[in-house]
Amino acid sequence: MNGKNDARVERRVATVEDLDLRQKSGSKRPTIRGHAAVFDQLSADLGGFRERNAPGAFARAIRERHDVRALYNHNPDHVLGRTPKTLRLAEESVGLRVEIDPPASESNLLESLERGDVSQMSFGLVVRDEKWEPGDGGPDIRMVLDLDLSDVSVVSYPAYPQTDAAVRSHAKWLQAHPDLRLWRMRLELERYRSRAASMR
């Protein structure tokens, strides 16, 4: 799949505490290691819904050896690695584990990583299977069960750009569950009554 031009590609950011540089044995160049995505953690509000990656969501993409690039800020002019040789992917209990062997030309990025100025990762995906759930008084929750993976990226700023595909999927799910509107109205009424009672 062409992650650069594919309008279906969505991008998500993960704040990771383990993004770091490691010196490989026998190599003069460091390896970037971390998690580009985490499992079972809710995203920020993505424009009316939140999202969670299910364990196993990346398994098929890894098994089928998708052609995945490692980028800096999702910029195809800054390719840090590519599967299978200079980018290695694996699912762990935490999430999507990445190891990148960056080129020497990215010395500025490597210095920023070493200093901790850059500490987040993101990934580009096309959702293939999903499950929607009503949020408990908040935005609805989209569980990503299976996806195509286009890229992983070291990023300077977190970003949650959405695609029309995600919005349409959410709207379709809501149409199939008209009872949710009544449920939400009742929930809001209960909260209003609770606030009013506490002010007496």
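The values are calculated or read from the model by the stated rules, or taken from the named source; none is laboratory data. Every value quoted in this text rests on a predicted model; they were computed, and no experiment measured them. Every residue, glycine among them, receives a Cβ derived from its backbone with ideal geometry; neighbour counts consider all protein chains shown.
Apart from one condition, S122 fits all of (1) under 24 Å from A70 (Cα atoms); (2) assigned to a loop (DSSP other than H, G, I, E, B); (3) modelled with pLDDT under 90; the exception is (2). Every listed requirement among (1) modelled with pLDDT of 95 or more; (2) more than 14 Å from the chain's Cα centre (by Cα); (3) charged (D, E, K, R) is met by D136 save one, (1).
Taking each residue of the stretch 100-112 that is among the β-branched types (V, I, T) and looking for partners that are surrounded by 12 or more Cβ atoms within 10 Å (Cβ to Cβ) with beta-carbon atoms closer than 7 Å, six or more apart or interchain, yields I100/T31; I100/I32; I100/A70; I100/L80; I100/G81; I100/T86; I100/L87. For the stretch 93-134, the set of residues classified as exposed (fewer than 15 other Cβ atoms within 10 Å of the Cβ), farther than 18 Å from P76 by Cα and small (G, A, S) consists of S93, G116, listed by residue number. For the stretch 88-113, filtered to residues that are within 29 Å of L145 (Cβ to Cβ) and outside any strand (DSSP E or B), the residue that is modelled with the lowest pLDDT is V94.
Which of the residues belonging to the stretch 39-87 are of a type in the set (V, I, T) and assigned to a helix (DSSP H, G or I)? Can you show your working first?
If we filter the stretch 39-87 for residues that are of a type in the set (V, I, T), which is where we start, we get 62, 68, 79, 83, 86.
Answer for the stretch 39-87, where residues must be of a type in the set (V, I, T) and assigned to a helix (DSSP H, G or I): just I62.
Being of a type in the set (D, E, K, R), free of Cβ contacts under 8 Å to residues at least 40 places away in the same chain, farther than 30 Å from R186 by Cα and in contact with a Leu (Cβ under 8 Å, 6 or more places away or on another chain), is that true of even one residue in the stretch 27-39? Within the stretch 27-39 (the criterion being of a type in the set (D, E, K, R), free of Cβ contacts under 8 Å to residues at least 40 places away in the same chain, farther than 30 Å from R186 by Cα and in contact with a Leu (Cβ under 8 Å, 6 or more places away or on another chain)), the answer is no, since none of the residues qualifies. Restricted to the stretch 160-200, and to residues that are modelled with pLDDT of 75 or more and either of a type in the set (F, W, Y) or touching a Leu at 6+ places or on another chain (Cβ under 9 Å) (or both), which residue is surrounded by the most Cβ atoms within 10 Å (Cβ to Cβ)? Among residues in the stretch 160-200 that are modelled with pLDDT of 75 or more and either of a type in the set (F, W, Y) or touching a Leu at 6+ places or on another chain (Cβ under 9 Å) (or both), the one surrounded by the most Cβ atoms within 10 Å (Cβ to Cβ) is W173.
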